Structure formats: structure tokens, C-alpha cells
Amino acid sequence: MTQDHGITRRRLIEVGGTAAAAGLVMSGAAALGPSRNPVATGQPLPDGLTLPTAPPRAHLPGSVGFAIIGLGDYALRQIMPRFAQSERAHITALVSGNPAKLRAVGEAYGVPPEARYSYDSFAEIAANPAVEAVYIVLPTGLHAAWAERAFAAGKHVMCEKPMALSSAECERMIAASQRANRKLMIAYRCHFEPYNRAAMELMRDRAVGDLRLIRTEHSYRMGPTTPPQNWRVSRALAGGGPLEDYGIYGLQAALYLSGELPDRISASAYRPANDPRFAEIYAHVATQWHFPSGAAAQIVTSYASAGLNMVEARGTGGALVMRPATNYGGLTLALETGRDRRDLTPGDSEVQFAGQLDHLASAIREGTAIITPGEMGLRDLRLIEAIYAAAQSGRTVILNADATIAG
Ligand code: NDP
């Protein structure tokens, strides 16, 4: 990674910041006080999951072999089945803390016993040439350590969002990728999703005129749970909670639709008393951004309200409305100008999963640039840290051009 102190704000939007997070305030996780990591690994197969019964299709020559680390809900329900749609990626190994699940999933996906690893035997993957890349689908608090282990084993890394719990962890991951000379991509699937890509293009073409306001909300009501039962409410594994997990889609959308990085951030974060779900994390976070152009963004996320998945961009000439905006499918995109409303159907959202796999494969094979690199994940963690700093201090936080906090 090169250090470019002359980097423009727009370039930062595209690739994320690179400078060290000097003087960074404590992260959302640290802000919530001491915690522990009580969550046990090795959960059984998720309820109602159907594993494939047919062997995987033969992969094409040049396809990149992936190991999947963490056989949880997202890996098993969304990611692993979508390898069948990939042109350039296939599954060659599995890593899990649950031997029975490892066996069942290995058989279903045609992964031989010698390519099924436990967390303890993971280092042996270095000697498996069929594995060129590792897809980390673990709880967020484990991303940094496992990315470092994967790079140490000489593998490329696809890492689920959010990249990690802090900008310091992100910097460690980027440094490890550079030391190993291996690629690091963050699985920001919306960059490969047709509705979101069409929205980016419309905004670049100034379809709403001069942008004035972006509003995003990513909320749902979480059922009863506690940190020992669910890593998403454990500070050590999830950080501050809904912002890192779900609100990050709205944060991303505000950046890729505006094409700007905020220069001022204010925020509030709320944690109710006596609710075991929020013993360690926030229930909701709301933040307001000021962009250098004068446009504003309001980004709201909650684990404790009726569900909504929404992105809107309003300008001098119209509005772009997505509802839902960032789900796996069923998205809508409307362009409203005056009394006119145009509903757009730019493509099948399903392609986002294989699209991101093929994207990393192309970067590995042809050296093409990754549009969601580690630097983008780092930028987003810096913004998350600024949001928590603003919420804790009750003051507006001023940002440098690399998304670090000024002063
Ligand atoms: P799950 O809890 O369903 O799965 C996580 C898996 O990680 C577990 O099944 C387990 O696998 C493994 N694991 C290892 N150590 C632990 C631990 N201490 N506590 C809990 N699990 C552990 O989570 P998800 O699949 O929902 O999320 C995993 C990642 O994917 C997260 O980073 C999340 O943000 C991301 N995600 C991304 C989405 C997207 O749309 N891009 C959507 C949903 C999640 P095993 O039993 O095999 O050891």
C-alpha cells in the first residue's frame, strides 16, 4: 500500500484512506466498557438448512480454490451455494470448530476429508496448493486474527464486512497482506449488485441534480438474546452492535452515492438499561454528516425497532429511492423527478454473490484492481470510530481528508 498524502477526497471514496490513524479516539467497542468473549464456537447446522445433494459442477480451468472459514448462517445459506454461479471460484477446503458439521458440509460440497480443517489445524492449509484464497465468514471480532493467519499461510483473503472492530485492526490486516504479497478484499456485496450499481451510475450522471440529502435506515427488531447466546450482542465480537453489522450498509451507500467523504460528523447512540440484548452493545445509532459540497447525510440503524431497509438521495432535480436497498434480493429503485416516477429494474440481485467471488479471482489471476479493498474497510472503520467519538462527546467531530479525526 502506498502512502499518498496528496490523495483527493474522491479517491478516498473509491479506495479508502491509507494514513495511520494517529490520535484516534477509542472505538465503539472500547466506549462500552470491559467485556469478555463468552461465545462458544462450533454451532450445529442452522435450523432448516438444506445441504446440496448433487456434487458441485466441475470448475473451469483457472478457477481459484477457496477455503471457507466459519460454517455459520451466512456462509451456509448465502455464500457457499453461490459458488455454483461463479465462473472463476470454487470451494476446495472448509474450516470449522464443529467436526460433525465439517463432515456433513464437506460431503455435501465434495470437499475431501484431508481438506477439512479445524481452527487448531488451520496452519496446515499452507501446504494445500488447491487453496489459493480464504473467505473469512467468522464473527467480526475474529476477522483480523484470521486474516493474519491466512496471509501467514500464503493465501489471498476475502473478508466479510465489517472488516474488523477497529481501524488499528484494519491496518494490521493491510500490513499483513502487503508482507505476504497477497490480495485483501472486503465482501461489500452491494458493489456487485445491479440496483446499487445502477444507483451509483445515476448519481454519477447527476440524475437528481445537485445532491442535497442522503437518508439511510437499516433496522430490525432483534429477538430476546444475551451475549453468551449470540455473538452479535457481544461487545468483544461485534463492537458497538447495529452500526458495524447492519448500519454499515447505509454508511457505505452514503459514500458511494454521494461520491464524497464527510468532513464533519455528529451522532447519538442509545443503550437502554436492563435489556439483556443491550448489556454490551447499543440498541441504535443515528449520525448526521456534512459533506464538503454542502450535502448532508442522515444514517440511522437499530436492532430494536420495526424493520426498514432504505436509502434515499435527494437533490435539486429529483430523488432516488431504494426500499429495500441492500437486501439479498427484492430490491426496488425509483427515480422521482417532479411528478414523474420511473421504477427501474436493472438486473437480478442474485449475481452480487458470485460477482464478488469472480472479482477477487480476477484480481488474483490478472492483477486487476479490487474495487472494495482493505483500504475501503479501513476508511469505514475510521468513520465508525468518528461516529462513536461524536456520540460520546456530544460534539461535532471534524475529519481529515483520510477520514481520521482532526486534532
Ligand atoms: P453465524 O453466527 O451464523 O456464524 C459464524 C460462524 O463462525 C459460526 O457458525 C462458527 O462456525 C464460527 N465461529 C468461530 N468462532 C466463533 C465464536 N466465538 N462465536 C460464534 N461463532 C464462531 O454468523 P453469520 O454467518 O451471520 O456472520 C458471519 C460473518 O458474516 C460476520 O462477519 C457478518 O458480519 C457477516 N455477514 C455478512 C452478511 C452480508 O450480507 N454480507 C450477512 C450476514 C453476515 P463453525 O461452527 O463452523 O466453527
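Bear in mind that the values in this text are calculations on the coordinates, not laboratory data. Small disclaimer: the values here were computed from a predicted structure and weren't measured. Cβ atoms come from the backbone with ideal geometry, glycine included; neighbour counts cover every protein chain shown.
The GNM of the chain, with springs linking C-alpha atoms under 10 angstrom apart, assigns the highest mean-square fluctuation among Ala319, Ala297, Ala175 to Ala175. Restricting the calculation to Cα atoms, the range 250-379 shows an Rg/Rh of 1.01 when the hydrodynamic-style radius is the Kirkwood one.
The string of couplings for the range 347-356 from the Karplus curve (6.51, -1.76, 1.60, θ = phi - 60°) is x, 8, 4, 3, 5, 4, 6, 5, x, 6 Hz, one whole number per residue in order, with x for Gly and Pro.
Cα centroids of the range 323-378 and the range 176-233: 10 Å apart. Dipole check for the chain: with +1 at the C-beta of Lys and Arg, -1 at the C-beta of Asp and Glu, and the Cα centre as origin, the magnitude is about 320 Debye. Classification of the range 306-407 by its C-alpha gyration tensor yields an oblate form. The axis ratio a/c (a ≥ b ≥ c) is 1.5 or more, and b/c is at least a/b.
Per residue of the chain, the DSSP helices (runs of n ≥ 4 H) give a summed -39500 (n - 2.57) that works out to -8000 deg cm²/dmol at 222 nm. Counting other Cβ atoms within 10 Å as a rough exposure proxy, the listed residues Trp146, Trp289 run Trp146, Trp289 from fewest neighbours to most. The mean sequence distance of close C-alpha pairs (under 8 Å, at least 6 residues apart), as a share of the length of the chain, puts its relative contact order at 23 percent.
Pull out a ≥ b ≥ c, the square roots of the eigenvalues of the alpha-carbon gyration tensor of the range 110-181, then state rounded if a/c is under 1.5, prolate if not and a/b is larger than b/c, and oblate in the remaining case. Because a/c hits 1.5 or more and a/b exceeds b/c, the range 110-181 counts as prolate.
Label the range 116-155 by shape, choosing from rounded, prolate and oblate, from the square roots a ≥ b ≥ c of the eigenvalues of the Cα gyration tensor; if a/c is under 1.5 it is rounded, and otherwise prolate applies when a/b is larger than b/c, oblate when it is not. It comes out prolate by the Cα gyration axes.
If R0 is 30 Å, the Cβ-Cβ spacing of Arg103 and Leu60 corresponds to a FRET efficiency of close to 0.60.
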